[in-house]
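Chemist: Quick one: the structure is below, and I'll ask about it shortly.
Every number in this text was worked out from the coordinates using simple rules, so none of it is lab data. This structure is a prediction, so every number in the text was calculated from the model and none was measured. Note that each Cβ is placed from the backbone with ideal geometry, even for glycine, and that neighbours are counted across all protein chains shown.
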């Protein structure tokens with residue numbers, strides 16, 4: 001049986017922000033035999049993505065943040081995008097990480113899409129709004145990315161918080177965090193659709 005390995009990609013510009021706190025609460029529920037790797041995109045900033053279009057122009061990165069993120073992505077069975085809601089979508093750091101997927105898709109010999117097919121993409125996001133429907137663009141970004149890559153979509157865990165630590169007062173989010181990664185990843189769950197999913 002393949003050991004599950006979770007990659008947590010942290011896309012917040014704030015240390016110990018609400019998104020990271022909520023992701024940590026969810027990760028605490030994972031079984032001890034599940035491997036976890038946490039990468040903060042502010043500590044390992046990716047360069048702006050340049051779309052070269054031609055396969056021959058893309059080479060596998062061998063050093064720095066691009067190599068670290070690529071290797072970690074390929075090694076993961078589960079990828080968790082932990083990004084606060086910024087202007088109704090993912091943060092700039094997170095978007096840059098996803099943009100690099102485009103280059104990895106065109107890197108000869110990498111088979112990036114085939115390697116990620118069947119794995120699971122999850123999301124965790126804190127937002128300063130009690131109407132979770134405003135997170136639909138973020139959820140759509142992750143859902144559609146998973147669909148294009150042939151990945152399963154585990155859904156997005158949403159929590160409310162503006163000031164540092166606010167999400168720890170969101171009891172519904174903390175309850176949802178306890179079972180979030182135990183959910184049926186074959187179902188693309190949109191947390192704002194029902195009261196229970198709005199946790």
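Chemist: Give the relative contact order (percent, whole number) for region 1-83; include only Cα pairs under 8 Å separated by 6+ residues.
Modeler: 54 percent
Chemist: Tell me what the chain gives for mean residue ellipticity at 222 nm when only DSSP H runs of n ≥ 4 count, each as -39,500 (n - 2.57), the sum divided by the residue total, rounded to 500 deg cm²/dmol.
Modeler: It comes out at -9500 deg cm²/dmol, rounded to the nearest 500.
Chemist: Further question: Hey, quick one: spin label on residue 59, modelled 7 Å out along Cα-Cβ, who in region 71-110 has an amide N within reach, i.e. under 14 Å?
Modeler: 107-108, by backbone N distance to the label point.
Chemist: Also: Taking the 0 to 90 degree range and rounding to the nearest ten, how far is the long axis of helix 64-75 tilted relative to the main principal axis of the chain, both from C-alpha atoms?
Modeler: 70 degrees
Chemist: How big is the antiparallel share of DSSP beta bridges in the chain, given as a percent to the nearest 5?
Modeler: On the way: 1 of 25 bridges.
Close to 5 percent.
Chemist: Put one equal scatterer on each alpha carbon of region 47-152, apply the Debye formula with no solvent term, and list log10 I(q)/I(0) at q = 0.10, 0.15, 0.21, 0.23 1/Å to two decimals.
Modeler: -0.30, -0.66, -1.18, -1.34
Chemist: Zone of residue 92 (label point 7 Å along Cα→Cβ, backbone N under 20 Å): which residues in region 17-46?
Modeler: Label zone hits: 17-20, 40-46.
Chemist: Shifting gears a bit: Taking 2.2 N^0.38 Å as the expected size of a compact globular protein, what ratio does the Cα radius of gyration of the chain give against it, to two decimals?
Modeler: Details: Rg = 16.2 Å, N = 199, 2.2 N^0.38 = 16.4 Å.
It is 0.98.
Chemist: Then there's this: For helix 92-105, what angle does its Cα long axis make with the longest principal axis of the chain, in degrees from 0 to 90 and rounded to 10?
Modeler: 40 degrees
Chemist: Then there is this: Once you have the Cα-Cα distance between residue 2 and residue 107, take 0.36 nm times their residue separation minus that, and quote the gain in nm to one decimal.
Modeler: The residue 2-residue 107 span can extend by a further 35.2 nm.
Chemist: Can you tell me, using C-alpha contacts under 8 Å and at least 6 residues apart, the relative contact order of region 5-182 as a whole percent?
Modeler: Values: 322 pairs, mean separation 53.0, N = 178.
Rounded, it is 30 percent for region 5-182.
Chemist: Could I ask something else about it? Most mobile of 157, 174, 121 per a Gaussian network model of the chain (Cα springs, under 10 Å)?
Modeler: Of the options given, 174 has the highest mean-square fluctuation.
Chemist: Let me ask something else about it. Which whole-angstrom value gives the distance between the alpha carbon centres of region 5-84 and region 147-180?
Modeler: Going from one Cα centre to the other spans 17 Å.
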